[in-house]
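K.L.:
Got a structure for you, written out below as structure tokens; questions coming shortly.
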Amino acid sequence: MNSFTRNTVLLTILFLCCSMQPARRTASYNKYIKEYSDLAVAHMHKYKIPASITLAQGLLESGAGQSELARKSNNHFGIKCHSDWRGKKVYHDDDRRGECFRKYSRVEDSYTDHSRFLAEQSRYERLFKLNIKDYKGWARGLQTCGYATDRAYANKLIKVIEDYELYVYDSSKKGRSNTKLAPSKLPRNVYRTHNLIYVIARENDSFAQVAADMGFSIKKLIKYNEVPQEYPLQKGDIVYLEKKKKKADKPYYEHVVQVGESMHSISQRYGISIKSLYKLNKKDKDYVPEEGDVLKLR
């Protein structure tokens, strides 16, 4: 193989690796999800906290179980001692030096403490009124209720949930359904924005139902909206019926990122492909939009 051919092959492989969705995933994250997803689902049924949220917080707070606090103290959520803690303690530098953190005998105890912390604190009470599948609402709520000081905390949770498709654990049905859906009797209004046609998702809607109603193949809808097939729709979501564009229409030049937004949600809002949004802003796929960031739209 000559040097030109070899370099061409290498460049092609590199391009494919960078372009495919699985490139976002890491082995340590996959291992953590496999190990603790059942526990997160069990806690969802008991405490009414989305399993996707619990898993995403565990992944971020513990570095997929690799942080010193997680490895030596089984503390996967960075829970500090507080005045009412009577269990074992360990000290680490955090916001201040030598802060007191809880030490657990088992990881399961850390998960229980985390669930009870959210369920028993009045400031998180309003989150339990959300739909159990509304991971975006939960992520926004955790940040605005003061769970973390990181301005990008909600957006980081959403990115992890969407990159690793953790939302599948919020439903009792994991995996794809082979059930064919009949068109619903209620007509769907078709709208146009940014010169693109779309419909609005209803309560308990799905891409499969939209496809059945509109006479589309689900593969086309999934492709147009740049999501995996099991991606959950929330009431009010935009579902495009045609391919999105490379840049926003005038006069939309910039977007200021808000709490709970992702590159996908921003791309849906303006009818821009995700790839184009990353390219316009010279960002790679690891970028997490932080509240206050200004993104170019054209």
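K.L.:
Conditions: (1) under 28 Å from the mean Cα position of the chain (by Cα); (2) of a type in the set (Ser, Thr, Tyr); (3) open to solvent by 40 Å² or more (accessible area, probe 1.4 Å). Residue 105 meets all but one. Number of the miss?
P.N.:
(1)
K.L.:
Next question. So which residues in the stretch 271-287 are under 20 Å from residue 237 (Cβ atoms) and either surrounded by fewer than 15 Cβ atoms within 10 Å (Cβ to Cβ) or in contact with a Ser or Thr (Cβ under 7 Å, 6 or more places away or on another chain) (or both), if there are any at all?
P.N.:
The answer is 271, 273, 274, 277.
K.L.:
May I pose another question? If I filter the stretch 269-289 down to residues being in contact with a Leu (Cβ under 6 Å, 6 or more places away or on another chain) and part of a loop (DSSP other than H, G, I, E, B), which single residue comes out as nearest to residue 201 (Cα to Cα)? Full working, then the answer.
P.N.:
Our first condition is that a residue be in contact with a Leu (Cβ under 6 Å, 6 or more places away or on another chain); within the stretch 269-289, this holds for 270-271, 281.
Subsequent filtering for residues that are part of a loop (DSSP other than H, G, I, E, B) retains 271, 281.
Details: 271: 16, 281: 29 Å.
Looking at the filtered set, the residue picked out is 271.
K.L.:
Out of curiosity, is residue 106 out of contact with any helix residue (DSSP H, G or I) (no Cβ under 8 Å at 6 or more places or on another chain) and touching a residue at least 24 places away in the same chain (Cβ under 8 Å)?
P.N.:
Values: out of contact with any helix residue (DSSP H, G or I) (no Cβ under 8 Å at 6 or more places or on another chain): yes; touching a residue at least 24 places away in the same chain (Cβ under 8 Å): yes.
The answer is yes for residue 106.
K.L.:
Every residue in the stretch 120-159 that is touching a residue at least 60 places away in the same chain (Cβ under 8 Å) and open to solvent by 50 Å² or more (accessible area, probe 1.4 Å), please.
P.N.:
Result: 128, 131, 132, 133, 140, 144, 151, 156.
K.L.:
Name the pairs whose Cβ atoms lie under 8 Å apart, with the first residue in the stretch 57-77 and on the phi > 0 side of the Ramachandran plot, the second open to solvent by less than 10 Å² (accessible area, probe 1.4 Å), and 6 or more positions between them or separate chains?
P.N.:
63/70; 64/32; 65/32; 65/58; 65/76; 74/110
K.L.:
Output the number of the condition that residue 199 fails; it satisfies all remaining conditions of (1) of a type outside the set (D, E, K, R); (2) in a strand (DSSP E or B); (3) open to solvent by 30 Å² or more (accessible area, probe 1.4 Å).
P.N.:
Condition not satisfied by residue 199: (3).
K.L.:
Okay, next question. What pairs can you find where one residue is in the stretch 277-292 and under 14 Å from residue 254 (Cβ atoms) and at pLDDT 95 or above, the other is of a type in the set (Gly, Ala, Ser) and not in a loop (DSSP other than H, G, I, E, B), and their Cβ atoms are less than 9 Å apart, with a gap of 6+ or different chains?
P.N.:
Here the result reads 277/267, each pair linking the stretch 277-292 to a residue that is of a type in the set (Gly, Ala, Ser) and not in a loop (DSSP other than H, G, I, E, B).
K.L.:
Now for a different question. When only residues in the stretch 66-85 that are modelled with pLDDT of 85 or more and of a type in the set (D, E, K, R) count, which is least open to solvent (accessible area, probe 1.4 Å)?
P.N.:
Keep residues of the stretch 66-85 that are modelled with pLDDT of 85 or more, which gives 66-81.
Checking the rest, the ones that are also of a type in the set (D, E, K, R) come to 68, 71-72, 80.
Numbers: 68: 85, 71: 136, 72: 129, 80: 49 Å².
Here the residue is 80.
K.L.:
Conditions: (1) at pLDDT 95 or above; (2) more than 27 Å from residue 157 (Cα to Cα). Residue 179 meets all but one. Number of the miss?
P.N.:
With (1) at pLDDT 95 or above; (2) more than 27 Å from residue 157 (Cα to Cα) applied to residue 179, the lone miss is (1).
K.L.:
Let me ask you something else. Testing residue 115 on (1) open to solvent by 20 Å² or more (accessible area, probe 1.4 Å); (2) within 19 Å of residue 148 (Cα to Cα), one condition comes back false. Which one is that?
P.N.:
(1)
The values are calculated or read from the model by the stated rules, or taken from the named source; none is laboratory data. Please read all numbers here as calculations on a predicted model, not as lab measurements. Positions of Cβ are generated from backbone atoms using ideal geometry, with glycine treated the same way; all protein chains shown enter the neighbour counts. Areas reflect the complete protein model, heavy atoms only, side chains present, ligands, DNA and RNA absent. Shrake-Rupley method; radii C 1.70, N 1.55, O 1.52, S 1.80 Å.
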